[in-house]
Amino acid sequence: MKSMNIAIIGCGNLGMALARGLIDSGVQASGIRLTRRHTDVLSSFAEEGCMVMSDNRKAIEGCSLVILAVKPYNVEALLQEISPGIIAGQHIVASVATGISTATLVSLLPKGTSVFRAMPNTAADVKESLTCVCASGSGRDGSEVVESLFAVLGEVIWIEEALMEAATVLGACGIAYVMRFIRAMVQGGIEIGFDAHTASAIVQQTVRGAAQLLIERSSHPESEIDKVTTPKGCTIAGLNEMEHHGFSSALIKGIKASYDQINGK
Ligand SMILES: NC(=O)c1ccc[n+]([C@@H]2O[C@H](COP(=O)([O-])OP(=O)(O)OC[C@H]3O[C@@H](n4cnc5c(N)ncnc54)[C@H](OP(=O)(O)O)[C@@H]3O)[C@@H](O)[C@H]2O)c1
């Protein structure tokens with residue numbers, strides 16, 4: 001991938017995170033083309049050697065990998081614009097547009113084009129994304145390239161397309177759920193005596209540490225909870241009080257509500 005020509009079409013927040021990740025992982029800037037209408041926003045990438053332009057058709061010429069990073073409502077018009085320049089067998093197309101199925105992408109692209117869909121989250125900005133990726137039914141040619149592309153943003157998991165909406169809820173909306181959890185912990189921390197800055201520092205590292213324990217030990221959350229709940233102690237008193245107020249239930253119901261909303265129920 002390092003010597004590939006790669007076009008990121010619609011280089012906004014996510015596109016810029018991808019471009020940064022690619023450059024930082026050693027992809028030659030001269031092989032990266034970035035498009036958007038307001039190209040001035042991309043001047044720092046141009047200074048690093050990327051080709052910055054607003055001509056989407058020109059950007060994909062001679063590229064192997066085309067990343068669609070526009071908003072979902074721009075996808076159809078964009079594909080009508082660039083599709084005549086896409087060559088099946090040469091271009092691999094990967095879309096990050098939420099809710100746009102590979103069937104829709106395939107229907108707007110030349111027959112036989114390798115098409116992938118991905119759902120990163122905003123932690124892509126700090127290269128800690130969890131990106132769920134799926135291939136279109138028509139084939140997985142180019143899957144290694146697509147995996148290395150999204151690996152520059154963090155971890156990659158391949159899933160069936162039928163789970164893409166669930167992935168959006170758990171992985172992308174999940175960032176917001178965790179942020180609200182963190183904010184509530186900080187508010188509690190202030191009430192028991194810390195200033196906001198110190199409470200935030202304690203909570204952020206505690207959340208990172210908790211996730212790292214699970215990642216490195218592959219343990220179950222409940223077995224880590226057992227280690228810190230002394231009989232008649234303060235941890236179990238707090239945890240049970242949270243559960244009496246519906247802590248786990250509220251989270252599960254919230255995830256289900258997001259899922260119902262994304263599926264138009
Ligand atoms: N942000 C995330 O973490 C995240 C996570 C999962 C999925 N997604 C998906 O990723 C996509 C991008 O999200 P985002 O947050 O990066 O949005 P964004 O910041 O709005 O980026 C999209 C960019 O597309 C450009 N654009 C619009 N029409 C264009 C056209 N015809 N040709 C070229 N560029 C065009 C816009 O720039 P100009 O106005 O300058 O053209 C805009 O900066 C969305 O489909 C979203 O659903 C994002």
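The values are calculated or read from the model by the stated rules, or taken from the named source; none is laboratory data. Computed from a predicted structure; not experimentally measured. Every residue, glycine as well, gets a Cβ built from its backbone with ideal geometry; the counts of neighbours run over all protein chains shown. Each accessible area value is taken on the protein alone, full model and side chains, heavy atoms only, with ligands, DNA and RNA left out. Shrake-Rupley method; radii C 1.70, N 1.55, O 1.52, S 1.80 Å.
Key figures for this structure:
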| read-out | value |
| --- | --- |
| Listing of helices (runs of 4 or more DSSP H) fully contained in segment 1-101 that carry 1 or more residues being aromatic (F, W, Y) and crowded, with 17+ Cβ neighbours inside 10 Å | 43-47 |
| Residues being within 9 Å of the ligand (Cβ to nearest atom) and within 18 Å of A29 (Cβ to Cβ) - total across segment 48-58 | 0 |
| Among (1) over 23 Å from the mean Cα position of the chain (by Cα); (2) within 16 Å of the ligand (Cβ to nearest atom) - the single one F45 does not satisfy | (1) |
| Test set (1) touching a Leu at 6+ places or on another chain (Cβ under 7 Å); (2) more than 23 Å from S3 (Cα to Cα); (3) among the hydroxyl-bearing types (S, T, Y) - S95 fails condition number | (2) |
| Meets criteria (under 14 Å from the mean Cα position of the chain (by Cα) and not hydrophobic (A, V, I, L, M, F, W, C)) for E165 | yes |
| Filter result (within 10 Å of the ligand (Cβ to nearest atom) and without any contact (Cβ under 8 Å) to a residue 12 or more places away in the chain) within segment 66-111 | Y73, A77 |
| Within segment 149-160, tally of residues that are in a loop (DSSP other than H, G, I, E, B) and modelled with pLDDT of 95 or more | 2 |
| Close pairs (6 angstrom Cβ cut-off, 6 or more residues apart or separate chains): more than 14 Å from V178 (Cα to Cα) in segment 200-218, modelled with pLDDT of 95 or more anywhere | L213/E224 |
| Filter result for A257 (without any contact (Cβ under 8 Å) to a residue 40 or more places away in the chain, within 30 Å of A103 (Cβ to Cβ) and open to solvent by less than 70 Å² (accessible area, probe 1.4 Å)) | yes |
| Only listed residue being assigned to a helix (DSSP H, G or I) and open to solvent by less than 20 Å² (accessible area, probe 1.4 Å), chosen from L105, L170, L163 | L105 |
| Positions within segment 118-143 being within 16 Å of the ligand (Cβ to nearest atom), open to solvent by 10 Å² or more (accessible area, probe 1.4 Å) and out of contact with any Leu (no Cβ under 7 Å at 6 or more places or on another chain), in sequence order | M119, T122, A123, D125, V126, E128, L130, C132 |
